[in-house]
Amino acid sequence: MRSMLGRRLWHVSTGLCIVAAAWLLPKTTFLLSLGAVTFLFLAFELVRLRASSVNRWFCWHFGSLLRQEEVSHLTTSSYVLIAALVAYLAFGRDIAVLSVCFLAVGDVAAGIVGWHMGRTKLLGKALEGDLACLVSCLATGFLLHYVGLNVGLVTIAAGALGATIGQAVSGPVDDNLTLPLLAGVAMAVVPP
């Protein structure tokens with residue numbers, strides 16, 4: 001339980017740190033920084049997965065934040081960084097901010113509620129978790145709208161629905177990639 005809480009806190013804090021940096025830094029500085037961090041992290045991941053001594057060191061220090069499959073595959077953080085970079089390059093700041101916030105908050109809400117209260121399975125995941133994702137994304141989006149994010153309420157609702165679908169569908173692609181990207185696409189195609 002303690003490691004699950006640590007993972008969830010890491011997930012939220014990583015996403016919100018990316019959002020804060022996007023909000024505070026000039027666009028070019030932010031994109032160059034996010035691109036560099038993503039590249040360096042992925043390079044380390046490739047080294048880690050090919051060099052058992054590096055992987056053992058990594059697992060020793062960060063094992064409490066890893067799922068079992070992440071010991072021999074890319075970590076969730078890799079997908080978060082890739083999704084954030086693609087979102088900021090493809091959708092512009094405001095939609096990307098929402099997409100990454102939806103990932104940080106919605107995916108965690110889905111995981112916690114699905115784990116503790118999930119009874120009804122739909123597409124391989126708990127329907128209760130999916131609903132928690134939708135509600136938390138709507139709440140986050142509406143809150144950001146009212147504090148000054150320039151995205152309309154209908155667009156936010158479309159993004160929250162896209163995020164929920166991205167989180168809910170089990171498949172070969174990690175939901176940390178599908179959730180923010182489907183949210184961004186949904187918001188980009190809805191008229192402002």
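What follows draws every value from the coordinates through simple rules; no lab data is involved. Computed from a predicted model, the values in this text were never measured in an experiment. No Cβ is skipped: glycine too gets one built from the backbone with ideal geometry, and neighbour counts run over all protein chains shown.
Defining a contact as two alpha carbons under 8 Å apart and six or more residues distant in sequence, what relative contact order in percent does segment 1-108 show? It would help to have the intermediate numbers written out before the result.
Details: 69 pairs, mean separation 49.5, N = 108.
This gives 46 percent for segment 1-108.
Can you bin segment 10-96 into rounded, prolate or oblate? Criterion: square roots of the alpha carbon gyration tensor eigenvalues sorted a ≥ b ≥ c, rounded for a/c under 1.5, prolate for a/b above b/c, oblate for the rest.
prolate
Please state the charge dipole magnitude for the chain, taken about the Cα centre, from unit charges on C-beta atoms (+1 on K and R, -1 on D and E), reported in debye and rounded to the nearest 20.
It works out to roughly 340 debye.
Roughly how many nanometres apart are two label points built 7 Å out from the Cα toward the Cβ at T28 and S72?
Distance between the two pseudo-spin positions: 4.6 nm.
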